[in-house]
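Student: Encoded as structure tokens, here's the structure I'll be asking about.
The values are calculated or read from the model by the stated rules, or taken from the named source; none is laboratory data. Model, not experiment: these values are computed from the prediction. Positions of Cβ are generated from backbone atoms using ideal geometry, with glycine treated the same way; all protein chains shown enter the neighbour counts. Each accessible area value is taken on the protein alone, full model and side chains, heavy atoms only, with ligands, DNA and RNA left out. Shrake-Rupley method; radii C 1.70, N 1.55, O 1.52, S 1.80 Å.
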Amino acid sequence: MFLFTTQTIDSSDTNVVDQATEQLSAWQKYWQSIDWDQVFSILIQKGLTLLAVLFLFYLIRKIGSFLINQSFERQKKKVADNATRIETIHALSLNIFSYTLFFFFLYSILDTIGIPVGSLLAGAGIAGIAIGLGAQGFTNDIITGFFIIMEQQIDVGDYIRLTDLQIEGTVTSVGIRMLQMKSADGTVHFIPNRNITTISNLSRAHMQVKVDVRIQPDEGYDKISSLIDEANQKLAEEFNDEIFDGPTLFGMVDLGNSNYAIRTILYVTNGKQYKLKEEFLKSYVNILHQNGFTIPNNPISLGK
């Protein structure tokens, strides 16, 4: 019994050793079958090609960025009043150049290594269709933003009204994907460009200001008109740099239900309309009170 067991163990050990020897022999044959001269030759060749590709694209990137920067610097000097729009287009151009160059760089690296780029592009084309359908809104943002910038519809600092969204405020940022604007109450709005359909830019021309002060016509309309005209002349001198046309005394207007007012119309620098309207109205109220005229304060209720 003991001899049988011993012989069994020895047979098992012999089988393990034989298998290990066969595997080692197979690895040795495979290792010896490799043409190391050819392997090193390919590695050196591929390595030199990759270094050449890296240097070439580095050179293209430096030269391309330099030319783009120089071109836009010249444009900034020629058109100083559109610096914001030029800077936005400048950043957009650099991004497009960088992404395009990176695509060709990646293509060259994969092709040099020996990866079948054509098969990958075919598969990526199918995946790109699916991704494109999901990114339709993002694409619309970019296209709309590009035309907003190129056509100079709005600039940073403009006061605009988005009619369809019922939002108005000062533009703080014009992006290729999103518009940022700040309302009078301090609210900051982030609007995707695809949601912008109608832009009312209130900063591209002089703004009209209508100033109405309520009066009692039976107290002496002619005297009241002369006092208002006197106030207009003083204010026109005080705010001469901000008023482009007027102030013009339009005359008496009917506010409804036997409520009357004297209206003055003037055109002022954009952004100054609210301040000047307050200054004119305050001056009218003061001069009428000083001369003993009544300013009605009863609520105006329009006819039902």
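Student: Within the stretch 92-108, can one find any residue that is exposed (fewer than 12 other Cβ atoms within 10 Å of the Cβ) and modelled with pLDDT under 75?
Tutor: Yes, the conditions are met somewhere in the stretch 92-108.
Student: Restrict the check to the stretch 186-193 and report whether at least one residue is touching a Gly at 6+ places or on another chain (Cβ under 7 Å) and at negative phi.
Tutor: Looking for residues that are touching a Gly at 6+ places or on another chain (Cβ under 7 Å) and at negative phi, one finds at least one in the stretch 186-193, hence yes.
For (1) over 40 Å from the mean Cα position of the chain (by Cα); (2) part of a strand (DSSP E or B); (3) modelled with pLDDT of 80 or more, each residue gets a yes or a no:
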| residue | (1), (2), (3) |
| --- | --- |
| Asp212 | no, yes, yes |
| Lys223 | yes, no, yes |
| Leu235 | yes, no, yes |
| Thr248 | yes, yes, yes |
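Student: Quick check: is even one residue across the stretch 134-144 open to solvent by 70 Å² or more (accessible area, probe 1.4 Å), touching a strand residue (DSSP E or B) at 6+ places or on another chain (Cβ under 8 Å) and modelled with pLDDT of 75 or more?
Tutor: Taking every residue of the stretch 134-144 in turn, none turns out to be open to solvent by 70 Å² or more (accessible area, probe 1.4 Å), touching a strand residue (DSSP E or B) at 6+ places or on another chain (Cβ under 8 Å) and modelled with pLDDT of 75 or more.
Student: So, Ser258, is that one open to solvent by less than 30 Å² (accessible area, probe 1.4 Å) and over 30 Å from Tyr159 (Cβ atoms) or not?
Tutor: When the stated conditions are applied, Ser258 does not pass them.
Student: Among the residues of the stretch 216-233, write down those that are within 30 Å of Asn270 (Cβ to Cβ) and of a type outside the set (Ser, Thr, Tyr).
Tutor: Residues of the stretch 216-233 that are within 30 Å of Asn270 (Cβ to Cβ), as a first pass: 225, 227-233.
Hits for the stretch 216-233 are Leu227, Ile228, Asp229, Glu230, Ala231, Asn232, Gln233.
Okay, residues lined up against (1) at pLDDT below 85; (2) outside any helix (DSSP H, G or I); (3) surrounded by 12 or more Cβ atoms within 10 Å (Cβ to Cβ); (4) touching a Leu at 6+ places or on another chain (Cβ under 6 Å):
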{"site": "Asp218", "(1), (2), (3), (4)": "yes, no, no, no"}
{"site": "Asn240", "(1), (2), (3), (4)": "yes, yes, no, no"}
{"site": "Met252", "(1), (2), (3), (4)": "yes, yes, yes, no"}
{"site": "Ile265", "(1), (2), (3), (4)": "no, yes, yes, no"}
{"site": "Asn270", "(1), (2), (3), (4)": "yes, yes, yes, no"}
{"site": "Leu302", "(1), (2), (3), (4)": "yes, yes, no, no"}
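Student: Out of everything in the stretch 115-126 that is among the small types (Gly, Ala, Ser) and open to solvent by 50 Å² or more (accessible area, probe 1.4 Å), what residue ends up being modelled with the lowest pLDDT?
Tutor: Only one residue tops the list, namely Ala124.
Student: For the stretch 183-204, enumerate the residues that are surrounded by 10 or more Cβ atoms within 10 Å (Cβ to Cβ) and free of Cβ contacts under 8 Å to residues at least 40 places away in the same chain.
Tutor: Ser183, Ala184, Thr187, Val188, His189, Phe190, Ile191, Asn195, Thr197, listed by residue number.
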